[in-house]
Every structure is written in structure tokens, then in C-alpha cells.
2 protein chains.
Amino acid sequence: MASIKEKLTSIEQIPSLVYLCKWLLICAIIGVLAGSASAALLESLHWATEYRESHKWIIALLPIGGLIVGLVYHYFGTSVVKGNNQLLEEFHSPNKIIPFKMAPLVLFGTVMTHLFGGSAGREGSAVQMGGAIADQFTKWFKLNKDDRKIVIVVGVSAGFASVFGTPLAGAIFALEVMVLGRMRYDALFASVLAGVIADYACKMWPVHHTHYGVENVPGIAPDTLIYAIVAGLVFGLGGLAFSKLTHFFTVLFKKLNYPPLRPLIGGAVVAMAVYLIGTTKYIGLGVPTIVAAFDADLPWYDFAAKLVFTAFTLGAGFKGGEVTPLFYIGATLGNALIWILPLPTDLLAGMGFVAVFAAATNTPIACTVMAIELFGAKGAVYFGIACVVAYMFSGHSGIYSSQIVGSPKH
Amino acid sequence: MASIKEKLTSIEQIPSLVYLCKWLLICAIIGVLAGSASAALLESLHWATEYRESHKWIIALLPIGGLIVGLVYHYFGTSVVKGNNQLLEEFHSPNKIIPFKMAPLVLFGTVMTHLFGGSAGREGSAVQMGGAIADQFTKWFKLNKDDRKIVIVVGVSAGFASVFGTPLAGAIFALEVMVLGRMRYDALFASVLAGVIADYACKMWPVHHTHYGVENVPGIAPDTLIYAIVAGLVFGLGGLAFSKLTHFFTVLFKKLNYPPLRPLIGGAVVAMAVYLIGTTKYIGLGVPTIVAAFDADLPWYDFAAKLVFTAFTLGAGFKGGEVTPLFYIGATLGNALIWILPLPTDLLAGMGFVAVFAAATNTPIACTVMAIELFGAKGAVYFGIACVVAYMFSGHSGIYSSQIVGSPKH
């Protein structure tokens with residue numbers, strides 16, 4: 001009575017079980033390693049930030065730090081210099097195993113960038129460490145092409161989830177970031193598992209993730225819905241501006257033919273700018289300002305200053321990542337919006353925090369889930385609307401030039 | 001200096017704005033109508049359930065009720081009898097506008113089913129009302145083929161979001177249910193907007209959604225992770241069993257050539273069974289048992305009884321939907337798992353609530369988000385793991401036979 005399809009269905013639970021055990025093993029190993037690498041990154045950045053803030057003269061050495069990072073990548077890291085884009089490219093058209101040295105190099109480059117006062121993030125570093133660690137198992141476990149795609153997703157998920165303490169957001173981010181406007185579920189199970197295990201492994205180390213709170217959430221009504229849409233639109237344009245400006249500075253610095261010169265000169269300009277404006281609030285990760293954006297009155301131009309500092313720092317070839325600066329830009333932009341939109345400060349800051357990031361990376365669902373994991377479920381609808389509208393208004397390119405357009409935004 | 005692609009990108013915000021305004025208008029109208037239709041459904045079901053429980057003799061008339069539903073659909077509803085599958089089919093290969101009568105017919109059929117004591121749900125009805133209402137705008141607004149796909153998603157999102165009070169889950173469900181293992185973002189903005197507006201519109205009416213609580217959530221650790229995976233596996237098999245059994249009974253009843261006879265005979269069997277076992281806890285929506293599953297000790301076989309009753313009721317041609325019964329099956333199955341898995345009762349019930357549904361409909365991300373919207377973010381990782389593992393173990397067919405397989409599960 002049962003058709004062939006039904007018969008196949010009725011026994012496919014056995015391969016499912018084999019698949020589950022296989023990926024549970026792989027994800028456990030990669031998760032523990034990538035989570036521990038994220039812990040090392042977080043601790044190193046904590047130390048670098050503390051040291052810089054209590055020895056501010058070190059910022060004067062930013063050009064030297066930049067030169068060192070530039071030289072190291074020029075002579076030892078040309079095969080890994082494309083960073084996140086390299087992971088995306090290997091996912092789309094597998095070519096060769098990501099060299100393991102991507103991990104130590106990006107860790108070194110990121111710590112140097114933060115120690116001497118560049119403006120950058122950390123997710124790029126965590127994702128690259130996760131990806132490079134994960135891809136070694138392609139060799140060791142002799143995985144085929146399809147499995148290797150999953151392994152890359154696993155590495156990205158593990159790195160992202162553990163560096164921010166957001167396991168589900170990391171898992172969805174890794175699936176969502178590969179193709180703009182489309183998500184495939186082939187790697188869903190492994191991605192979730194890797195995110196959860198890496199987050200657990202990272203927290204086994206004495207690290208701490210910053211806590212944010214969004215408590216003031218008005219009920220959804222026609223007026224608040226319109227405010228949320230307008231906010232999302234502004235966040236989308238913020239994300240777009242960040243992508244464009246980073247691209248602009250990257251192209252500009254490429255005019256210097258000898259790559260190590262780029263961070264040398266870029267570092268000199270950033271150090272000079274910090275000296276002239278007399279504050280370090282726009283360099284480094286900027287976590288204190290992100291936290292302040294949830295309740296304090298900040299200058300309205302904070303987001304613009306951070307945007308320029310980060311786009312310039314990354315364009316010059318410093319290492320780190322874009323996401324924490326995007327959180328900064330979004331949270332301060334949300335904070336600035338209280339002058340025109342009657343929504344609570346913490347809600348607007350939280351919406352901006354995730355929505356500018358969603359816009360620049362084209363990952364609206366991961367960012368909505370991230371907001372829920374970081375700020376709680378109370379504002380879920382606002383986060384969702386902000387991320388989706390921002391996604392729609394950020395154009396079809398983002399900060400990852402190797403992202404493929406899978407379906408148009410409208 | 002800017003390439004053509006950049007120029008295009010820089011101006012694509014204008015079409016985005018036009019798109020936003022257009023879909024804001026369409027979603028507002030459809031959302032208000034579909035949300036109000038859901039409110040009418042919820043109120044009617046509330047009345048039908050109250051009436052049945054205080055006039056239990058009416059269950060004896062279930063065969064008559066079934067005959068009426070069967071006759072009505074046979075003589076007036078052949079063009080809308082495929083229900084949810086019809087919406088999926090029109091999404092994949094647009095053929096003709098869904099007749100508006102799908103909405104009143106399914107409302108009538110569902111209320112009759114519940115009044116006389118069939119075991120069924122309500123989401124199928126809400127989704128069909130939403131879809132039928134939405135698709136009328138295809139005519140009135142002269143929408144093209146691409147826009148019509150979005151309209152169908154909008155209708156499904158609005159119906160689902162409003163009937164359960166879960167706007168984001170409704171929005172993601174509508175995108176996720178169309179293709180197994182793949183999600184496209186073309187309709188993302190409209191879907192979110194429709195879910196939020198329909199939920200708001202439904203709550204403007206004097207309806208109430210049941211509240212559940214999952215408070216006891218242990219930290220994730222190697223042992224609890226394994227328990228969550230095992231639970232997910234069991235929930236996946238539960239979802240699979242439901243799909244198979246519903247399919248089995250549907251095929252069985254098809255042997256009766258005259259369709260109105262099917263619910264007549266099916267109704268007689270169900271009424272007899274209720275009389276013999278002496279309880280009405282396995283018919284109707286079963287909300288009181290779902291609520292009890294979060295803290296009470298229930299008989300371990302509750303899930304199995306509900307599974308058989310619902311598969312039989314729906315196979316016989318009664319109307320309603322599968323989702324609330326799937327919640328029931330999942331929550332009671334989770335409740336039964338406390339005998340073998342050392343996780344808190346409310347957490348297991350909550351995991352089962354969404355995971356059996358995720359398994360049967362192949363919508364793991366919507367179900368994870370739904371759990372967060374219904375139970376809070378505390379157990380998010382457990383919900384995510386349960387839904388993803390259940391999804392993996394439920395095979396490549398589900399309760400919607402018109403769902404297309406977009407990517408294999410492993």
C-alpha cells in the first residue's frame with residue numbers, strides 16, 4: 001500500500017541518527033575549540049583595552065602598530081588576508097582549505113589594533129578563528145564537498161555565537177550571511193549545535209559578556225508601528241552609509257601600492273584625530289558608549305564619528321571586524337532618534353544596535369533573534385520591524401562583498 | 001568613479017520607499033480584515049466549546065454535524081476543499097484566485113466540528129480565511145504574479161499571527177512553510193507587517209489568547225544538551241506519526257466514494273469513542289489539557305489518544321486545522337518525557353508544544369520564535385534545539401502534501 005516515497009521516508013530516520021551522531025561529534029570538537037578561541041580573544045581585548053585606556057600615550061604608536069600588522073599580513077598572511085569574505089567564497093566555490101594561520105594572525109592583528117587604538121570590532125576575528133579551526137577538520141575527517149560547506153557554517157556559527165554569547169543568533173547568522181535574501185537549511189542542525197556548544201565552551205572560561213536591558217516597551221499601535229518603521233529606515237541608511245564609506249576608504253588606501261604602508265599612514269591619521277578631538281570614545285570597541293546609549297543623553301553625532309573612525313580604520317587594513325562598531329553606530333543613532341521619535345531611549349538604542357548590523361550584513365532574522373537573546377523578548381516585534389525595514393533599505397550590497405544575491409529585496 | 005552597480009544601489013532607496021508604502025497599505029487592509037476574522041473565529045470557537053462542554057449530549061449529534069459539513073463542502077465547496085494545500089499550490093504555480101467563499105465555509109466547518117465535538121485545531125481555518133481574504137486584493141489591486149505570491153504569504157502570516165497572538169512566528173511561518181528546507185526573503189517585509197497588524201487588529205476585539213509559562217530553565221551543559229536532543233528526536237517522531245496517521249485515515253476514508261458520508265461515519269465513530277472512554281478531553285481544541293501539561297502529572301498516553309482522535313477527525317473530512325492538536329500532542333508528550341528525561345516539566349511541555357508542530361509542518365525557525373513569543377526568551381536554546389532536531393527526524397513529508405522539498409534535511 002505504501003508508495004516508494006513513503007517507504008523511503010519511513011526508514012530515513014536511521015541515516016538521520018547517523019548524521020546526528022556524526023555532527024554532534026564534529027560540532028562538539030569545533031565548538032569547544034572555537035569557543036575557547038573566542039574566550040582568548042575576549043580576554044586579550046579586555047586586557048588591550050584596559051591597558052590602552054590607562055596608558056593613553058600608546059595611541060601615539062598606532063602608526064607603528066599598524067605597520068607591524070601590515071608587515072605581518074604582507075609577508076605571512078597574503079593567503080588569509082581576505083578574512084570573512086574568504087570564508088564566504090570557500091562556501092560558494094570550494095577551492096582550498098582555509099590555512100590555519102588565519103586564526104593566530106587575526107587574533108594578533110585584532111589585539112594590536114585595539115591595543116594601539118584603532119576603531120574596530122571583534123566578530124570578524126572570532127568568525128575567522130572559528131572558520132579556520134573548523135576547516136582543518138575537513139582534512140582530518142576527510143570530509144566531502146557538501147560536508148565541507150557545513151563545516152564552514154559550523155565555524156562561523158561557533159565563532160559568532162561565542163564571541164557575543166548569543167547561540168541561536170550565531171547559528172542563524174552563519175546560515176543567513178552566505179546568500180542575500182535566501183536561507184537554506186542543510187546546515188541548520190550543525191549550525192545550532194555549534195553555536196550552543198561554542199557559547200557554552202566560551203563561558204567555561206572566566207570571560208564576561210556585556211549585559212544590556214530594554215525594559216520600556218510600549219504596546220504596538222498604529223503610531224508606534226510607524227515610528228518603528230521610520231527608525232528602521234534610518235538604521236538601514238546608517239548601515240548603507242557604513243558599507244559605502246568602508247568601501248570608499250578601502251579603495252582609497254589601495255592607491256598605496258605597498259600594503260604595509262596603509263595601516264602606517266591610516267594609524268597616523270587616526271592617532272592625530274584622537275589627539276585633536278581629545279577623546280578615546282570613538283576608538284576601540286566602544287562598549288562603554290554602547291551601554292550608555294541605552295539610558296544617557298549622548299551627542300547626536302556620536303554615530304557619525306564612530307562610523308568615520310571605523311570605516312577609516314578598517315579601510316586602512318587594521319584587523320578586527322565591523323559588528324561591534326555597527327552596534328555602537330546603531331545604538332547611538334537610536335539614542336539620537338529620541339529627538340524625533342517618541343519611543344523610549346532603551347528601545348530605540350536596542351533597535352538600532354541590531355538593525356544597523358542587519359542592514360550592513362543583510363541578516364535580518366539573525367539580528368532579530370540576537371536582540372531577543374541580548375535584550376529579552378519584550379521588544380521582539382520592534383526589533384523585528386527595525387531589522388526587516390533596515391534590511392530593505394540598505395541596498396543589495398553590504399560589508400561582505402562575497403555575499404551572493406539570492407533574491408532581490410523588492 | 002562609482003561603478004554602474006554602485007549608482008544603481010545608491011538610488012534603489014526610492015523604489016524601496018514606494019514598495020514600503022504600497023505594502024504598508026495592502027498589509028494594513030488585509031491585516032485588519034484577517035485579524036478581525038481570526039477574532040470572530042476565536043470567539044465562535046470559545047462559544048462552541050463552552051456550549052459543548054455544558055451540553056455534552058450534543059456530541060451524539062456529531063455524525064449529523066459531520067454530514068452537514070460534508071454536504072456543504074460537497075455541493076458548495078469543491079473549489080476550496082483543499083484548504084491549506086490550495087494556498088501552497090497557488091503560491092508555487094499561480095492558477096486562479098482563491099474563491100472568497102473559502103473563508104466563510106472554513107469558519108462554518110470549523111465551528112460545526114468543534115460544537116459537535118470533533119478533535120481539530122484552528123490555525124488551518126485562520127490561515128485559509130487570511131489567504132482567501134488576501135487573494136481578493138489580487139483582483140481589486142490588479143496585482144501581478146510576483147505580487148500575488150507576496151499577497152498569499154501576507155494572508156497566511158496574518159491568519160496565523162492573529163489566531164495565536166504570535167506576530168513574528170506568523171510572519172516567519174508564512175515564509176517557511178512554502179518550501180521545505182529553504183526560505184526566501186522576497187516577502188519578508190510584507191509578511192512581518194501583516195503579522196504585526198493582524199495581531200494588533202485581532203486584539204482590538206474582546207478576545208483572549210491563552211497564556212503559558214516556562215519558568216524552570218536549567219543552564220545548558222553537556223547533559224542537558226543531550227536531554228534536549230533526545231527530546232527533540234522523540235518530538236520529531238511524534239510529528240512524523242501524526243503526518244502518517246492523518247494520511248492513513250484520509251486514504252482510508254477516500255474509499256467512501258460519496259464525500260459527505262465520510263464525516264457522517266467518522267463522526268459516529270468519534271462520538272461512540274467519546275461515550276465509551278467517558279471523557280471529552282481528547283476532542284475539541286483541548287486547551288485545558290495543554291495548560292495542564294505545563295505543571296500537572298498527566299497520563300502518559302494522552303498524546304497518543306489525541307493523536308489518534310485528531311488524525312481520525314481530520315481524515316474523515318471535518319474542518320479545523322492541525323496545529324492546536326499538535327500543540328496538545330507535543331505538550332503532553334513532553335509532559336510524559338519527565339519519566340525518562342531529568343528536565344523540568346514546564347520546559348519539556350513547552351519544547352514539545354512547538355517541536356511536534358515544527359516536525360509536522362517543517363517550520364523549525366518559526367516554531368522556535370513562536371516558543372519565545374509564547375513562553376519567553378529564557379528557554380530559547382532548548383526550544384531551538386528541540387525544533388531543529390524534531391525537524392530533522394520527521395522525514396521529508398509533512399502534513400502539507402503541497403509543500404515542495406527545497407533542500408534535503410541531511
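The values are calculated or read from the model by the stated rules, or taken from the named source; none is laboratory data. What you see is a predicted model; the values in this text were computed from it and never measured. Please note: Cβ atoms are built from the backbone with ideal geometry, for glycine as well, and neighbour counts cover all protein chains shown. Quick note on the areas: whole protein, heavy atoms, side chains included, nothing else; ligands and nucleic acids left out. Shrake-Rupley method; radii C 1.70, N 1.55, O 1.52, S 1.80 Å.
Give me the percent relative contact order of region B:18-204, please, defined on Cα pairs under 8 angstrom at least 6 residues apart. Don't jump to the answer; show the numbers that get you there.
Numbers: 319 pairs, mean separation 57.9, N = 187.
Result for region B:18-204 is 31 percent.
Which distances, in nm and shortest first, link the residue A:17 label point to the same label point in every other copy, taking 7 Å along Cα→Cβ?
Once sorted, the set of distances for residue A:17 reads 6.0 nm.
Please report how far the C-alpha centroid of region A:126-169 lies from that of region B:64-107, rounded to the nearest whole angstrom.
Comparing the Cα centres of region A:126-169 and region B:64-107, I get a distance of 46 Å.
Above 14 Å lies some portion of the pair distances; for region B:264-328, what is it as a whole percent of all C-alpha pairs? Write down the numbers at each step before the final one.
On the way: 1179 of 2080 pairs.
Counting every Cα pair in region B:264-328, those more than 14 Å apart make up 57 percent.
Considering the alpha-carbon set of the protein assembly as shown alone, what are its Rg and its Dmax in angstrom?
27.1, 89
Using the 7 Å Cα-to-Cβ label point, sort the distances from residue A:221 to its equivalents in the other copies shortest first and give them in nm to one decimal.
Distances to the matching label points in the other copies: 4.7 nm.
Rounded to the nearest 20 Debye, what is the dipole magnitude of region A:143-202 about its Cα centre when Lys and Arg each give +1 and Asp and Glu each give -1 at the C-beta? Don't jump to the answer; show the numbers that get you there.
Details: 5 positive and 5 negative charges, 36 e Å.
About 180 debye.
Measuring nothing but label to label, 7 Å from Cα along Cα→Cβ, what are residue A:46's distances to the other copies in nm, shortest first?
The projected label point of residue A:46 is separated from its counterparts by 5.1 nm.
How big is the Kirkwood radius of chain A, worked out from every pair of different alpha carbons and given in Å to one decimal?
Values: mean 1/r = 0.0470 Å⁻¹.
The answer is 21.3 Å.
Once you have the Cα-Cα distance between residue A:145 and residue A:216, take 0.36 nm times their residue separation minus that, and quote the gain in nm to one decimal. Write out the running numbers ahead of the final one.
Values: separation 71, 0.36 × 71 = 25.56 nm, distance 4.79 nm.
Fully extending the segment from residue A:145 to residue A:216 adds 20.8 nm.
In percent, how large is the relative contact order of region A:222-405, given Cα pairs closer than 8 Å and 6 or more residues apart?
Values: 304 pairs, mean separation 58.6, N = 184.
RCO, region A:222-405: 32 percent.
What ranking, highest mean first, results for peptides B:386-395, B:215-224, B:234-243 when packing means the other Cβ atoms within 10 Å averaged over each residue? Present the calculation step by step, with values, prior to reporting the outcome.
Numbers: B:386-395: 29.3, B:215-224: 14.1, B:234-243: 25.5.
By packing density, highest mean first, the sequence is B:386-395, B:234-243, B:215-224.
Setting aside same-chain residues fewer than 8 positions from residue B:409, which aspartates and glutamates have a Cα under 20 Å from its Cα?
Answer for residue B:409, where 20 Å is the Cα cut-off: A:6, A:12, A:146, A:147, A:176, A:186, B:176, listed by chain and number.
Using only alpha carbon positions, build the gyration tensor of region B:260-410, then give the equivalent ellipsoid semi-axes as the square roots of 5 times its eigenvalues, largest first, whole angstrom.
Over the Cα atoms of region B:260-410, the ellipsoid semi-axes are 26, 21, 12 Å.
Other chains near B:242-252: what is the mean number of their Cβ atoms within 10 Å of each residue's Cβ? Each step should come with its number before you reach the end.
Numbers: counts 0, 1, 4, 0, 0, 2, 2, 0, 0, 1, 0.
Rounded to a whole number, the mean comes out at 1.
Treating only the Cβ atoms of Lys and Arg (+1) and Asp and Glu (-1) as charged, compute the dipole magnitude of region A:222-405 about its Cα centre; round to the nearest 20 debye.
Details: 8 positive and 7 negative charges, 150 e Å.
Dipole magnitude for region A:222-405 comes out near 720 debye.
Compute a Gaussian network model of chain A, connecting alpha carbons closer than 10 Å, and tell me which residue from A:113, A:210, A:289 fluctuates the most.
A:210
Largest first, how would A:339, B:23 line up by accessible area (1.4 Å probe)? Present the calculation step by step, with values, prior to reporting the outcome.
Details: A:339 170, B:23 0 Å².
So the residues, ranked largest to smallest area, are A:339, B:23.
Report P(r) for region A:11-204: all Cα-Cα distances, bin width 5 Å, range 0 to the bin holding the largest distance, values in whole percent.
1, 9, 16, 19, 19, 14, 10, 6, 3, 2, 1, 0, 0, 0
Which is farthest toward the positive dipole end of region A:11-204 among A:192, A:164, A:125, measuring Cα position about the Cα centre, with Cβ charges +1 (Lys, Arg) and -1 (Asp, Glu)?
In region A:11-204, that residue is A:125.
Nearest 100 Å², what total accessible surface is buried between chain B and chain A (probe 1.4 Å)?
Details: alone 17060 and 17080 Å², together 28630 Å².
Adding both sides of the contact gives about 5500 Å².
Could you derive backbone 3J(HN,Hα) for region B:213-224 from the dihedral phi with the Karplus parameters 6.51, -1.76 and 1.60 (θ = phi - 60°), listing whole Hz in sequence and x where the residue is Gly or Pro?
Values, residue by residue: x, 10, 9, 8, 10, x, x, 6, 8, x, 5, 5 Hz.
For the pair residue A:223/residue B:19, report the inter-label distance in nm, with labels modelled 7 Å from Cα in the Cβ direction.
Output for this residue pair reads 3.1 nm.
For the pairs A:101/A:255; A:101/B:378; A:82/B:22; A:255/A:306; A:203/A:281, flag any whose C-alpha to C-alpha distance is greater than 30 Å. Before the final figure, lay out the partial values.
Numbers: A:101/A:255 27 Å; A:101/B:378 38 Å; A:82/B:22 40 Å; A:255/A:306 24 Å; A:203/A:281 28 Å.
Those over the limit are A:101/B:378; A:82/B:22.
Highest GNM mean-square fluctuation, chain B, Cα pairs closer than 10 Å: which of B:197, B:68, B:385?
B:68
Using the alpha-carbon centroid of each, what span in Å lies between region B:182-200 and region A:308-342?
One Cα centre to the other: 28 Å.
If R0 is 22 Å, what FRET efficiency do you get for residue A:54 and residue A:273 from their C-beta distance, rounded to 0.05? Intermediate values should be presented prior to the final figure.
Values: r = 21 Å, r/R0 = 0.95.
Approximately 0.60, to the nearest 0.05.
Percent relative contact order of chain A, based on C-alpha pairs within less than 8 angstrom and at least six residues apart?
On the way: 851 pairs, mean separation 93.2, N = 410.
Worked out over chain A, it gives 23 percent.
Taking just the alpha-carbon atoms of region A:299-387, what radius of gyration and Dmax come out, in angstrom?
13.0, 40
Under the Kirkwood approximation applied to all pairs of distinct alpha-carbon atoms, what is the hydrodynamic radius of region A:164-306 in Å?
Values: mean 1/r = 0.0512 Å⁻¹.
Answer for region A:164-306: a Kirkwood hydrodynamic radius of 19.5 Å.
What does the helix-only formula give at 222 nm for chain A: each DSSP H stretch with n ≥ 4 adding -39500 (n - 2.57), the total divided by the residues, and the result rounded to the nearest 500 deg cm²/dmol? Let's see the in-between values first.
Details: 17 runs with 279 residues, N = 410.
Estimated from H runs of four or more residues: -22500 deg cm²/dmol.
How big is region B:251-297 by the Kirkwood estimate over distinct Cα pairs, in Å?
Here the Kirkwood hydrodynamic radius works out to 12.8 Å.
In a shell of Cβ-Cβ distance under 12 Å around residue B:46, excluding residue B:46 itself, what net charge do Lys and Arg (+1) and Asp and Glu (-1) give?
Values: positive: B:52, B:122; negative: B:43, B:50, B:53.
My count for the surroundings of residue B:46 gives -1.
Select from B:259, B:344, B:288 the residue whose mean-square fluctuation is largest in a Gaussian network model of chain B (Cα-Cα springs shorter than 10 Å).
B:288
Set the Förster radius R0 to 56 Å, insert the Cβ-Cβ distance between residue A:208 and residue B:251 as r into 1/(1 + (r/R0)^6), and round the FRET efficiency to 0.05.
It comes out at approximately 0.45.
Across 5 Å bins from the origin, how do the percents of Cα pairs in region B:94-230 run, short distances first?
2, 10, 15, 18, 17, 14, 10, 7, 4, 3, 1, 0
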